[in-house]
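The structure appears below as structure tokens.
The values are calculated or read from the model by the stated rules, or taken from the named source; none is laboratory data. All values derive from a computational prediction rather than experimental measurement. Using ideal geometry, Cβ is built from the backbone for each residue, glycine included, and neighbour counts are taken over all protein chains shown.
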Amino acid sequence: MRTSTMKYANGNWLVWVIVAQGLSAAGCHDPSQAGLDQGYVALEQSRYDEAVTAADRYLQEKPQGRGAAEAMYLRGRAIEQRVKRDDAEVAANLRRAKAQYLQALELSPSKGLEAYIHTSLGNVCYWVGDFGGAASYWKEAYQRLDRGDLKGWVLYRIGLCQQRLGKWMDADGTFAMVQREFSGSEAAERAQSRRGYRGFYVQVAAFASSGSADKLSKELRGKGFSAVVQERPERRLHVVLCGPVQTYGDALGMKGRLSSQFKDALIVP
């Protein structure tokens, strides 16, 4: 099995596991399986069209072959990750990728591959705002994954979904489990910073000077926003936040109202 490194930035899932279950270019005598293996290499090297072509070729030759589930998973991964021109194409690709993953589940995947398929299904659901669906798929993946970094990150992402759904106590319990079960990992460190929230904020700016943060906070309150300043001594920053609001939808709405003035506004947590 081949895997890539998991990478994250600002809590976003950037690179997924690349899996080629049971395939080995060195010892494989079946040309169609070797071609599929090369498709995974293309995926890992961001040559997405080549990866899709390799998957399609295998599925045309052996639609029910032992590598069919892997080929469909490969196809979904390439569609999900390829470069997009705009938000509409992002949404369309996520829908197409989800369809490929669901088909892959119907093709009798191995236990290991099934875990990765559920992981990817959680990913696409999360990015289209279906947090309940994402949590459900990630819970299935968590039960199937071998212990390791990916399993810790999946559990962490379940906690994020619980927060997005306003299940604050459940999220705290999940993050505590990440810290307990995956102590010392990056996921555990992030889980610690996520605990204790009971509402959503929109972060609009961060300053080294408390005076600048207080000034902006006062201006925002004058415009009708509930603004506070949060000190983050570990980074020597004073962060200006608007909120709290109780639902993620409300947070999106507030971010929309603020985004014309604050291009880098982000929702916390």
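Just to be sure, is R157 assigned to a helix (DSSP H, G or I), surrounded by 22 or more Cβ atoms within 10 Å (Cβ to Cβ) and charged (D, E, K, R)?
Values: assigned to a helix (DSSP H, G or I): yes; surrounded by 22 or more Cβ atoms within 10 Å (Cβ to Cβ): yes; charged (D, E, K, R): yes.
Criteria met by R157.
Report whether or not V83 is assigned to a helix (DSSP H, G or I) and free of Cβ contacts under 8 Å to residues at least 40 places away in the same chain.
Answer is no for this residue.
Being closer than 21 Å to G122 by Cα and part of a helix (DSSP H, G or I) is the filter here; which residues of the range 182-195 pass it? Even if it seems obvious, please write down each step before you answer.
Quick first cut of the range 182-195, residues closer than 21 Å to G122 by Cα only: 182, 186-188, 190-191, 194.
E186, A187, A188, R190, A191, R194, listed by residue number.
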Filter pass, V154 being at pLDDT 95 or above, touching a Leu at 6+ places or on another chain (Cβ under 8 Å) and over 28 Å from L121 (Cβ atoms):
no
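Residue-wise test of (1) touching a strand residue (DSSP E or B) at 6+ places or on another chain (Cβ under 9 Å); (2) in contact (Cβ under 8 Å) with a residue 12 or more places away in the chain; (3) closer than 19 Å to S193 by Cα.
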site: R221; (1), (2), (3): yes, no, no
site: H238; (1), (2), (3): yes, yes, yes
site: G249; (1), (2), (3): no, no, no
site: M254; (1), (2), (3): yes, yes, no
site: L258; (1), (2), (3): yes, yes, no
Being under 27 Å from M169 (Cα atoms) and not β-branched (V, I, T): is that true of L241 here?
yes
Being surrounded by fewer than 17 Cβ atoms within 10 Å (Cβ to Cβ), in a helix (DSSP H, G or I) and at pLDDT 95 or above is true for just one of Q163, Q103, Q143, Q179. Which residue is that?
Q143
Log entry, pairs with first residue in the range 133-151 being under 13 Å from S120 (Cα atoms) and in contact (Cβ under 8 Å) with a residue 12 or more places away in the chain, second being among the polar types (S, T, N, Q) and surrounded by 18 or more Cβ atoms within 10 Å (Cβ to Cβ), beta carbons closer than 8 Å, six or more apart or on different chains, reads A134/N123; A135/Q162; Y137/T119; W138/T119; A141/T119; L145/T119; L150/T119
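Can you name every one of the strands (runs of 3 or more DSSP E) wholly within the range 196-249 that holds 3 or more residues which are β-branched (V, I, T)?
Numbers: elements: 200-207, 227-232, 237-245.
Because the criterion is at least 3 residues that are β-branched (V, I, T), the strands (runs of 3 or more DSSP E) in the range 196-249 that meet it are 237-245.
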Just checking, which of A135, A92, A88 is surrounded by 23 or more Cβ atoms within 10 Å (Cβ to Cβ), closer than 27 Å to Y248 by Cα and among the hydrophobic types (A, V, I, L, M, F, W, C)?
A135
Which of the residues that make up the range 227-258 are surrounded by fewer than 14 Cβ atoms within 10 Å (Cβ to Cβ) and over 24 Å from Q162 (Cα atoms)?
E231, R232, P233, E234, R235, R236
